[in-house]
Every structure is written in structure tokens, then in C-alpha cells.
1. So S62 ticks every box in (1) at pLDDT 90 or above; (2) buried (at least 18 other Cβ atoms within 10 Å of the Cβ) but one. Which box is left unticked?
2. Search the stretch 131-168 for residues being in contact with a Pro (Cβ under 9 Å, 6 or more places away or on another chain) and closer than 19 Å to H40 by Cβ, and hand back the single one that is surrounded by the fewest Cβ atoms within 10 Å (Cβ to Cβ).
3. Looking only at the stretch 114-139, filter to residues that are of a type in the set (A, V, I, L, M) and assigned to a loop (DSSP other than H, G, I, E, B); which one of those is farthest from the chain's Cα centre (by Cα)?
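The values are calculated or read from the model by the stated rules, or taken from the named source; none is laboratory data. Since the structure is predicted, the reported quantities are computational estimates derived from the model, not experimental observations. Please note: Cβ atoms are built from the backbone with ideal geometry, for glycine as well, and neighbour counts cover all protein chains shown.
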Amino acid sequence: MRGVLLCIISMSKVARSMRIAIQGSGVAAASCAQRLSNFHDVTVFESGRGPGGRMSTRRAGSYQWDHGAQYFSPKTEQFAGAVDEWRASGWCEVWQGVHCVWSAEAGVSRDPKAGGVKRYVGSPGMNAICKGLLAGIDTRFEARATARRHPLGSPSWTLEHGKTGETLGEFDFVISTDKTSAALHRRDLDRKLLDAFVKPAAAVRSYPSLALMVATKPTGLEFDSLLLEGHPHFSWLARDDSKPGRRRSDGDECWLAHASPGFTERLIAASKQSRGKQKPNALRSAIVRELVGP
């Protein structure tokens with residue numbers, strides 16, 4: 001799981017409590033908001049309907065799926081310390097599942113790394129961590145905030161709703177935790193202030209991946225996650241209800257499949273070439289046709 005934390009600082013030497021806006025509500029944003037809220041007035045703006053970013057949880061009735069990040073394994077002492085705090089708060093647990101790998105040559109076999117790596121997941125959903133970190137903090141959903149910087153004086157920034165143009169508030173600092181917010185085509189961020197951040201962010205390659213979420217009767221499959229190596233369509237398959245906090249009493253299973261980046265890119269490119277000739281739901285129909293079948 002990777003994150004890019006971009007801080008746009010407009011005032012450098014101030015001791016008073018400040019008004020700080022944070023764009024995004026993923027782990028980087030929520031962690032930043034929690035720390036800063038101890039000393040400053042923090043407002044979080046999230047364009048989606050709930051917190052989590054790439055750790056979001058999708059629900060349909062009683063069913064749920066982690067459709068982005070599937071788990072995380074700390075690789076530094078600092079991150080491991082944070083995870084210990086999250087676990088003590090009841091926000092995450094270890095996923096004790098049957099983890100396997102697939103290849104065309106060997107078929108399905110146990111993941112040789114599974115025994116030595118702890119796989120943590122948010123509980124009862126991946127976004128439980130961000131929900132916990134943002135508890136008590138002013139968080140506004142479905143608000144894609146754009147920032148307008150004032151050249152002189154205070155406040156330094158005015159945030160507006162990207163769709164309605166409504167003024168969302170005036171702030172001393174703006175913090176962006178979304179790589180997309182630093183993209184060169186975005187005009188709401190000051191390019192001069194971003195020079196030190198844009199190049200490293202651009203160097204992190206992002207690959208698209210379609211997520212197929214399926215609820216089904218018991219399948220009898222003998223694994224809880226499957227990493228597919230070299231499969232033409234899929235790269236990952238997981239039974240979401242095998243994760244802590246997601247057990248079902250009715251026996252139904254919730255499966256999540258991630259399409260491979262190559263397949264996803266080809267499908268998106270093909271839909272762009274024929275755009276204008278298709279009906280509005282043509283891409284969705286094409287995805288269902290390719291991943292599920294007619």
C-alpha cells in the first residue's frame with residue numbers, strides 16, 4: 001500500500017492555532033488530521049461518500065467488499081508502531097487466512113511467504129482505521145474541494161466546492177494527500193510550491209485495476225486469497241468474508257477479484273477509441289462481458 005503526502009505550506013513561522021484544510025480521507029490524510037487536530041482547527045474534505053481512499057469498503061445490503069487495498073504488512077518500525085496503536089484501538093486485526101498463489105505451470109499452491117508475513121486488515125471493514133483516526137474531526141464528504149491561494153495577507157487559502165462553486169471556508173494551510181491533486185493538470189495548487197513534490201509523486205507509477213465484487217453461495221474453494229501470476233485477466237482473488245469482523249451467519253461468500261493492470265488498460269483504451277459511438281453504460285457492459293461472460 002503506497003501513499004503520497006503533499007503539504008502546501010503558505011505560512012512558515014506561526015505559533016497560534018491555525019485553520020488547516022486537508023484534501024482526502026485515506027490513511028495519510030486521517031493520520032495527519034489526527035495529529036494536527038491536537039493543536040489546530042482541522043477540516044477534512046473528501047470527494048467520496050465515505051472515508052478511506054484506497055482503503056474504502058463497498059457495501060450492498062448486508063454484503064461488503066474491500067475493493068481497493070486488500071491488506072497491509074508493516075515494513076518499518078514507525079509503521080509497525082502505528083499499527084500496534086490501531087490494533088489496540090480495535091481498528092485492525094491480523095488476517096489469518098489460507099493464502100495461495102497461482103501460475104499456469106504449477107496451478108494453485110500455498111504462498112511461501114504467508115507464514116512469515118502478518119497481513120493486517122481494518123475491522124470490521126478496511127476503512128475502520130480511517131474512521132477511527134477521523135473520529136471527532138470535522139469531515140465533509142462528497143465535497144471535492146479546490147483551493148484558491150491569496151498572494152498576500154491572511155487567510156492564505158479559500159476552498160471552494162469543485163462542482164457547485166460554494167465557498168467551503170478560509171484556511172491558513174492546505175494539505176493534499178492525493179497524488180492526483182499534485183498532477184500537472186490541476187490548477188488549484190500552486191506549482192511553485194509543488195516543485196519539490198511533483199517529481200517524486202510522478203515517479204510513482206499508478207496502474208489501473210478493475211474490481212469485480214460478487215456475492216455467492218458457498219463455493220468450496222480451499223483458499224481465502226489467491227495471487228495470480230501471469231493470468232490474462234485477473235491478478236488477485238480474495239474471499240472478503242474470511243477477514244476478521246466480516247464473518248457471515250448465512251453461509252454466503254463475498255469474493256473480490258482485481259483485474260490485471262494490462263487487461264484493464266486495454267479495456268479502457270478500447271472504450272476511449274469508440275467513445276461517442278457507444279451508449280453511456282457501454283464500458284460497464286464491456287467489463288461485465290469480459291470478466292463475467294455473456
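1. If we test S62 against (1) at pLDDT 90 or above; (2) buried (at least 18 other Cβ atoms within 10 Å of the Cβ), just (2) comes out false.
2. Of the residues in the stretch 131-168, the ones in contact with a Pro (Cβ under 9 Å, 6 or more places away or on another chain) are 131, 133-134, 139, 141.
Add one more test, that the residue is closer than 19 Å to H40 by Cβ, and what stays is 133-134, 139.
Values: L133: 26, L134: 24, T139: 22.
The qualifying residue surrounded by the fewest Cβ atoms within 10 Å (Cβ to Cβ) is T139.
3. Here is the first cut: in the stretch 114-139, the ones of a type in the set (A, V, I, L, M) are 114, 117, 121, 126, 128-129, 133-135, 137.
Subset that is assigned to a loop (DSSP other than H, G, I, E, B): 117, 126, 134-135, 137.
Working: V117: 22, M126: 10, L134: 15, A135: 18, I137: 19 Å.
Step by step, filter the stretch 114-139, then rank; the result is V117.
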